[in-house]
Amino acid sequence: MLEGRELGVSADEAVGAGKDQRPRANWKSWAGAALGLVVLGLAAWGLNRIAGQVTLADVIAEIRGTPAHLIGFAAFSTFLSYVVLVGYDWFATRHLGYKIGWGTLAAASFASFTISHTLGVTVLTGGTVRYRIYTRVGVRAADIAMIILLCGWTFWLGIIFVAGIGLIVSPGLAEPIREWVPQGLEEWTGALLLGGVVLYTLFTTVWKREFKLWRYRFSLPNGKQTLQQIVIGTVDLALAGGALYILLSQVAGTPDLLTFLVIYAVAMVSGALAHAPGGLGVFELVVVGLMPSADKAGVLAAVALFRILYTFIPFILGASLVAILEFRALRAARAAQVAGQRAKPEAAGPALPANSR
């Protein structure tokens, strides 16, 4: 942990004495929220059009007809995805010079991701959870903000890399809107995305300087570390998207895995932009809209099961974990306060008798 101090200035200089640096909303947050409302409105419009093509009874029937072994495999893939998510925090904290135990990393990662996946507005929800957990083990507030940024960038590197490969190897994403999109656009877009990842990796390989933001100094991950980020983000995306793909495997019209992972990536990004809880409505619309040949009732049933496995159950577990950690922290604080009060009379020494003078 000590070596990480070289990456920034002192805590007083970075955050200011006595200031609370928990994530707060600013004009960028409000701008993002406005964009989210627009995306959410488009999703509501799209879902309204889809509603006339499928009934709730159809979706429920598809859910009941899903084989138990598919649900089990999807649940296992989801579990592995959350295990890989710990790698986001491991990478970020190690890059900043902190050596934090796996238990703390797992708690911070699982609690923050499960809550942000469900409630949206990642910086304010997941960021606050990380702040509460990491400050207790000595991580500076300014570094926690950098941890959040590094985790987010690892996610984006994985998204861009998978989308680039998928569009080149298995172009077909634009088939639903082919009349408006020229042939070959997918391959060119994929090449552009992959080219961007390669250029960024080369840049981080040769760039050795630190950046300075106000009084905070930081360095970009080097080329080797960037490759680690790509691997972590890609494996996470493959496992999470793979969980939904397993549930969709019995639905007629489901595309190949690579094409679907691109669809999943687009749906995840759209849901994040909407800032709706869990991307609700937006995620469904993108998945259904980009799979026009698939049975809509089957797709919506698979997404519903996926939400239970990937969002709802982990959210309950994550919220429970946060409650337990907060309870333990409160109990430890009270115990320390009581111990301090008991130590004061002993430090003052025994009182002298009145006639001792």
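The values are calculated or read from the model by the stated rules, or taken from the named source; none is laboratory data. Since we're looking at a predicted model, the values are computed, not measured. Here Cβ is always computed from backbone atoms with ideal geometry, including for glycine, and neighbour counts include all displayed protein chains. Accessible surface is based on the protein model in full, side chains and every heavy atom, while ligands, DNA and RNA are left aside. Shrake-Rupley method; radii C 1.70, N 1.55, O 1.52, S 1.80 Å.
Descriptive notes on the structure:
- Selection within the range 290-300 - in a helix (DSSP H, G or I) and either hydroxyl-bearing (Ser, Thr, Tyr) or over 24 Å from the mean Cα position of the chain (by Cα) (or both): Lys296, Ala297, Gly298
- Pro255, sole failed condition from (1) over 24 Å from Leu157 (Cα atoms); (2) at pLDDT 85 or above: (1)
- Filter result for Phe79 (under 11 Å from Asp236 (Cα atoms) and of a type outside the set (Gly, Ala, Ser)): yes
- Just so you know, in the range 209-246 the residues that are out of contact with any Asp or Glu (no Cβ under 6 Å at 6 or more places or on another chain), surrounded by fewer than 21 Cβ atoms within 10 Å (Cβ to Cβ) and charged (D, E, K, R) include one that is farthest from Gly152 (Cα to Cα), and it is Arg209.
- Taking the range 310-328 as the range and being among the hydrophobic types (A, V, I, L, M, F, W, C) and within 13 Å of Ala111 (Cβ to Cβ) as the test, the residues that pass are Phe315, Ile316, Leu317, Ala319, Leu321, Val322, Ala323, Ile324, Leu325.
- Boolean, Thr135 is in contact with a Lys or Arg (Cβ under 7 Å, 6 or more places away or on another chain) and of a type outside the set (Lys, Arg): no
- Look at the range 215-231: where a residue is free of Cβ contacts under 8 Å to residues at least 12 places away in the same chain and a partner is among the small types (Gly, Ala, Ser), sitting 6+ places away or on another chain with Cβ atoms under 9 Å, you get Val231/Gly87; Val231/Gly158.
- Scanning the range 303-315 for residues that are open to solvent by 60 Å² or more (accessible area, probe 1.4 Å), without any contact (Cβ under 8 Å) to a residue 40 or more places away in the chain and under 12 Å from His117 (Cβ atoms) yields a single hit, Ile313.
- Selection within the range 92-111 - crowded, with 20+ Cβ neighbours inside 10 Å, touching a residue at least 24 places away in the same chain (Cβ under 8 Å) and either part of a helix (DSSP H, G or I) or on the phi > 0 side of the Ramachandran plot (or both): Ala92, Thr93, His95, Ala107, Ala108, Ser109, Phe110, Ala111
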